[in-house]
Amino acid sequence: MQFRDILSPDDAILVKEDQAVAFTVAVDDPSAQADNDGNKFIEAGTWLTATTDVLLGDRKQVMTPTTDASKAQGVLLHRANVNNGQVDGALVVAGVINRAMVETATKAKYYSDDQVHNLVKSLPKITVIDR
């Protein structure tokens, strides 16, 4: 496991990052709760949405978390610190996500079997495995 720490970030959720499709987007979560250090994070693997399609419309829109698979436009690639408001993040729209690598609370919130089934129906170029 030492190699994983050296070769990839702690929040690496993709099986092959070089085979995924991701775009830079603005992300924020006004409802995020501060951790013990006072930081507010959106975790890798969180589903993101916006009021319109960010890939076809206004790319300056701020994307926020959603648990509704039918509204999800993609998945946040790496954890984002939104303590001071919106930041840039990577929106994965195609790729293989390893559910086993998603942080525990995020997995519980977004990755039950039923939720994954609905997500891949909404985002057919996303595949979720558990390895």
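The values are calculated or read from the model by the stated rules, or taken from the named source; none is laboratory data. No experiment lies behind these values; they were computed from the predicted model shown. No Cβ is skipped: glycine too gets one built from the backbone with ideal geometry, and neighbour counts run over all protein chains shown. Please note that ligands, DNA and RNA were not included when accessible areas were found on the heavy atoms of the full protein model with its side chains. Shrake-Rupley method; radii C 1.70, N 1.55, O 1.52, S 1.80 Å.
Quick one: go through the range 74-111 and flag any residue whose amide nitrogen is under 11 Å from the point 7 Å out along the Cα-to-Cβ line of Asn39.
The answer is 79-83.
May I ask you to give the solvent-accessible area per residue for the chain, in square angstrom, as obtained with a 1.4 angstrom probe?
59
Whole-Hz ³J(HN,Hα) for each residue in the range 44-51, computed from phi via Karplus 6.51 cos²θ - 1.76 cosθ + 1.60 with θ = phi - 60°, x for glycine and proline: what do you get?
So the Karplus estimates, Gly and Pro as x, are 4, x, 5, 7, 10, 9, 8, 5 Hz.
Mind running the shape call on the chain? Use the C-alpha gyration tensor, a ≥ b ≥ c as the square roots of the eigenvalues: rounded below 1.5 for a/c, prolate if a/b tops b/c, oblate otherwise.
rounded
Gain in length, Gln61 to Ser112, computed as 0.36 nm per residue apart minus the alpha-carbon separation, to one decimal in nm?
The Gln61-Ser112 span can extend by a further 15.5 nm.
What number, in percent, do you get for the relative contact order of the range 17-131 if the mean sequence gap of Cα pairs under 8 Å and at least 6 apart is divided by its residue count?
Worked out over the range 17-131, it gives 32 percent.
Here is the link list: Lys16/Lys109; Lys40/Lys60; Lys16/Lys125. Which ones come out longer than 19 Å on Cα distance?
Lys16/Lys109; Lys40/Lys60
Taking only Cα atoms and a 10 Å spring cutoff, compute GNM fluctuations for the chain and point out the largest among Thr64, Thr106, Thr51.
Thr51
For labels at Val87 and Lys121 in the simple 7 Å Cα→Cβ model, what's the distance in nm?
Once both label points are built, they end up 3.4 nm from each other.
Once neighbouring chains are kept in place and the probe is 1.4 Å, which whole percent of the accessible area of the range 52-131 is contributed by carbon and sulfur?
Answer for the range 52-131 is 48 percent, counting heavy atoms of protein chains only.
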